[in-house]
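One structure below.
The values are calculated or read from the model by the stated rules, or taken from the named source; none is laboratory data. Just so it is clear, the model here is predicted, and its values are computed rather than measured. All Cβ positions, glycine included, derive from the backbone under ideal geometry; neighbour counts span all protein chains shown. To get the accessible areas, we keep the full protein, side chains included, count just its heavy atoms, and leave off ligands, DNA and RNA. Shrake-Rupley method; radii C 1.70, N 1.55, O 1.52, S 1.80 Å.
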Amino acid sequence: MSLIDIRKRSLSIETIYHEGGPPAATPLRLAAACAVIHNPYAGRYEPDLMPFMAELRSLGTLLATELVEVLGRDKVEVYSKAAIVGVNGELEHGAVWHEAGGWAMREALGEPKAIVPSAKAVAATGYRLMVPLHYIHAAYVRSHYNTMEVGIQDAPRPNEILFALVMGTGGRVHARLGGLTKDKVSVHDGQR
């Protein structure tokens, strides 16, 4: 029997033309793919979460593939992942997404080196979570530090978990604060 029982999914896309300055030559697109599933461990302590984490790889693949199809694999420059656990669960039920969601995005994007940032919380239904984003090939590319909000109005219910993956096509529209730029990445260690 599967540990993954999806109640609903969502796909949110933002297109940013400007932030008060001149319109960008190419608008920035940010997208979040979410899935709300039944939490198989709600209301009890489960010492072994590894089978759940392993099975979540298929959900990660589903969401990562959806984002790549929407944005275009070669256009994705930023990424992140998130989990919102309903109040009958625990934070560790969201932490299983680190490996499952991160692995899926790396595979869908051709194995970029930078760590996949994340956010997670245990919260009530309707909670919104700000998710950090950064450049997929080097975490220190300052122009690509950004955030996107994820959440669904009726989720997660107390016995559910909302899992999200986020991708985008570039850095902030009006980034101009210096630091390492994407064209100067040279070490290829996922940091610089």
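Quick look at the numbers
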read-out	value
Candidate set: region 42-72, residues that are in contact (Cβ under 8 Å) with a residue 24 or more places away in the chain and charged (D, E, K, R); chosen: the one most open to solvent (accessible area, probe 1.4 Å)	ARG57
Which numbered condition LYS113 fails, given (1) in contact with a His (Cβ under 8 Å, 6 or more places away or on another chain); (2) without any contact (Cβ under 8 Å) to a residue 12 or more places away in the chain; (3) among the charged types (D, E, K, R)	(2)
Number of the exception - ILE84 against (1) open to solvent by 40 Å² or more (accessible area, probe 1.4 Å); (2) in a strand (DSSP E or B)	(1)
Top-ranked residue of region 1-36 - restricted to ones that are more than 30 Å from ARG57 (Cβ to Cβ) and of a type in the set (A, V, I, L, M, F, W, C), ranked as most open to solvent (accessible area, probe 1.4 Å)	ALA25
Residues of region 143-163 that turn out to be touching a Cys at 6+ places or on another chain (Cβ under 9 Å), open to solvent by 10 Å² or more (accessible area, probe 1.4 Å) and in a strand (DSSP E or B), as a count	1
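Every residue, every condition in (1) surrounded by fewer than 19 Cβ atoms within 10 Å (Cβ to Cβ); (2) of a type in the set (Asp, Glu); (3) more than 14 Å from the chain's Cα centre (by Cα); (4) under 30 Å from PRO22 (Cα atoms), yes or no:
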{"position": "VAL96", "(1), (2), (3), (4)": "no, no, no, no"}
{"position": "ILE115", "(1), (2), (3), (4)": "yes, no, no, no"}
{"position": "GLY171", "(1), (2), (3), (4)": "no, no, yes, yes"}
{"position": "LYS184", "(1), (2), (3), (4)": "yes, no, yes, yes"}
